[in-house]
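The values are calculated or read from the model by the stated rules, or taken from the named source; none is laboratory data. This one's a predicted model, so the numbers in the text were calculated from it and none came from an experiment. Neighbour counts run over all protein chains shown; Cβ positions are idealised from the backbone, glycine included. Note: areas computed on protein heavy atoms with side chains; ligands, DNA, RNA excluded. Shrake-Rupley method; radii C 1.70, N 1.55, O 1.52, S 1.80 Å.
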Amino acid sequence: MKNERIKVKCVGMDEEGKGIVKINGREIHVPYLIEGETAIVEVFKKRKFTNAKVIRIVEKSKKRVMPECQYYNKCGGCQLQHMSYQGQLEFKQDVIEKLMIHYRSVNKILGMKDPYFYRNKIHSTLSYDKKGMVISGIYEGNTHKVTPIEQCIIQDRRADEIIASIRKIMKTYKMKPYNEDTGEGFLRHILVKTGFVSNEIMVVLVVSSKIFIGKKNFIKILLKKHPEIKTIVMNVNNRKTSAVLGNREMVLYGKGYIEDTLCGCVFQISPKSFYQINPIQTEVLYNKAIDMAKLNKNEVVLDAYCGIGTISLIVSSKVKNVVGVELNKDAVKDAINNAKRNNIRNTYFYNDDAGDFMISLAKEKKEIDTVFMDPPRSGSDEKFLSSIIKLAPKKLIYISCNPVTQERDLRYLTKHGYIVKEIQPVDMFPQTYHVETIVGLRRKDTL
Ligand code: SAH
């Protein structure tokens, strides 16, 4: 069955938004295909794997729309633009229900009013096109070839304009984009971070050498065109690596960071610090998580995997104390600074593995009333989960961007004395398959 074209019916969808079809009894997952559709697909074999791609849709789903973005099929950053937003929300609701309905019913997903232009962190790579013009965009697949992208409809609009201006300035000053293969050239990437409430903008120029010829003029022209830029940082990355940022940083203009407000607290955002990328939905997410926790003034809260301390600081005024733990040293520094910035005195941050930290808390028999946990995509681990059981908080609020690992961890928790009280999906990343889920749990003997 090499490079064969056949007609198939899509019988379901996987968690990544691909359509499931059955070919010769085998399940194949096809991008850009919607459940219920009939399509002609091309089947091709790559080593052990059989893949298929859509050639033509024969019977369309009601959910199918024309993607808004002209780069949709090439870019890969979004996976669901061929579905109406309502269709995307139904798909995400379905994913969570299939995984979690055996615990209890799932609340209706909280979507966005306007599901575009939401990202506050924008990354663009520079290169030349065939005609020798400077282009900016993304790497195509696993190659070093850059696909030019002039407008991205899920990113803050202001970033595209700034990146376009930088391309023009590069042309005027004959500044060369960096070439991944030869190691020649200067400007590698542009990172733009935007504050949703503050309107502040940070531009990070990732360059291959600390010698920036024409620096003064470059900055002057960029600021003249974009007075909204609050700070410009140069980051030197001279290694042959796919990592975007290098270790050396120099502030070229402004303070080197921007600020933004989330649920009433101000946060400093530096080039490297982790910050939620959809500010509107982050407030929706945090407010719902806090609502589920039903906090009171006498309780002690643990914020595990706390990042720059966002949840800790936001809940601090509602409780007695908050303890935050985070593996990334820089994020912990940011959390401590953010507490100072907001005059908050009842938060304590620790730089440790969440599991190890929990074991020591359990040994010291520390009383924790509520735990918020927000682990990375890989989920939590047995070390952490078993010490939760020992620590025995009454309430546990588990936020996750990967429902598969979250469900795996819920199995452990529900076997060991917790019950699921509420499940709330939130659409943090419209146009992509990603879905965030908050699960509220309660220690059984406290009900
Ligand atoms: N709650 C934060 C951050 C969530 S992202 C927010 O809402 O902004 C997940 C965080 O877990 C990251 O900051 C990552 O550095 C941290 N992390 C990953 N593994 C960890 C571990 N084993 N122990 C503690 N923190 C960890």
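Can you tell me what percent of all Cα-Cα pairs in segment 4-64 are more than 14 Å apart? Please list the in-between numbers first.
Values: 867 of 1830 pairs.
Everything past 14 Å amounts to 47 percent.
Against the 2.2 N^0.38 Å scaling, with N counting residues, where does segment 121-186 land? I'd like the Cα-based Rg ratio to two decimal places.
The value comes to 1.09.
So how do Asp160, Asp330 rank on accessible area, 1.4 Å probe, biggest first, that is with the largest at the start?
Largest accessible area first, the residues go Asp330, Asp160.
Using 31 Å as the Cα-Cα cut-off, could you pick out the over-long pairs in Lys130/Lys272; Lys320/Lys363; Lys272/Lys383; Lys255/Lys383; Lys113/Lys329?
Flagged as over cut-off: Lys130/Lys272; Lys255/Lys383; Lys113/Lys329.
Once every DSSP H run of n ≥ 4 in the chain is given -39500 (n - 2.57) and the sum is divided by its residues, what mean residue ellipticity at 222 nm do you get, rounded to the nearest 500 deg cm²/dmol?
So the helix-based figure for the chain works out to -8000 deg cm²/dmol.
Excluding ligands, DNA and RNA, what is the solvent-accessible area per residue of segment 1-76 at a probe of 1.4 Å, expressed in Å²? All intermediate terms of the calculation are to be shown ahead of the outcome.
Working: 5150 Å² over 76 residues.
So segment 1-76 comes to 68 Å² accessible per residue, rounded to a whole number.
Using a 1.4 angstrom probe, figure out how much accessible area segment 346-446 has per residue, in square angstrom, rounded to the nearest whole. Spell out each step's value before the answer.
On the way: 3880 Å² over 101 residues.
Accessible surface, normalised per residue, equals 38 Å².
For the chain, with a Gaussian network of springs between Cα atoms less than 10 Å apart, report the residue from Thr172, Thr125, Thr432 with the top mean-square fluctuation.
Thr172
Cα centroid distance between segment 29-92 and segment 181-212, in Å?
Computed from Cα coordinates, the inter-centre distance equals 33 Å.
Give, as ranges by residue number, the residues of segment 54-71 whose backbone N falls under 17 Å from the point 7 Å along Cα→Cβ of Lys9.
Under cut-off, by backbone N: 57-62.
Which whole-number percentage describes the relative contact order of segment 4-64, with Cα contacts under 8 Å and a sequence gap of 6 or more? It would help to have the intermediate numbers written out before the result.
Details: 139 pairs, mean separation 18.9, N = 61.
Here the relative contact order equals 31 percent.
Report the calculated FRET efficiency for Ser105 and Asp445 (r = Cβ-Cβ distance, R0 = 22 Å), to the nearest 0.05. The partial results should precede the final answer.
Values: r = 24 Å, r/R0 = 1.07.
Result of the calculation: an efficiency of 0.40.
How compact and how long is segment 65-173, expressed as Rg and Dmax of its alpha-carbon atoms in Å?
18.1, 62
Starting from the Kirkwood Rh over alpha-carbon pairs, what translational D in µm² s⁻¹ does the chain have by Stokes-Einstein at 25 °C and 0.890 mPa s?
After rounding, the answer is 102 µm²/s.
If you take the Cα Rg of segment 368-439 and divide it by 2.2 N^0.38 Å, with N the number of residues, what do you get? Can you show the working numbers first?
Details: Rg = 12.3 Å, N = 72, 2.2 N^0.38 = 11.2 Å.
Dividing the Cα radius of gyration by 2.2 N^0.38 Å gives 1.10.
Determine the shape class of segment 237-290: with a ≥ b ≥ c the square roots of the Cα gyration tensor eigenvalues, call it rounded for a/c under 1.5, and otherwise prolate if a/b is greater than b/c, oblate otherwise.
Judged from the Cα gyration tensor, segment 237-290 comes out oblate (a/c at least 1.5, b/c at or above a/b).
Excluding ligands, DNA and RNA, what is the solvent-accessible area per residue of segment 154-221 at a probe of 1.4 Å, expressed in Å²?
Counting only protein heavy atoms, the per-residue value for segment 154-221 is 47 Å².
Can you give me the Rg/Rh ratio for segment 195-342, using Cα atoms for both radii and the Kirkwood formula for Rh?
Reported Rg/Rh (Cα atoms, Kirkwood Rh): 1.05.
How much of the accessible area of the chain, probe 1.4 Å, is carbon plus sulfur, in whole percent? Mind showing how you got there, number by number?
Values: 11050 of 22010 Å².
Within the chain, the accessible surface is 50 percent carbon and sulfur.
Run the numbers for Asn142 and Lys74: contour at 0.36 nm per residue of separation, minus the present Cα-Cα distance, in nm.
23.2 nm
Within the P(r) computed for segment 121-262, what percentage of the Cα pairs occupies the region above 24 Å?
25 percent
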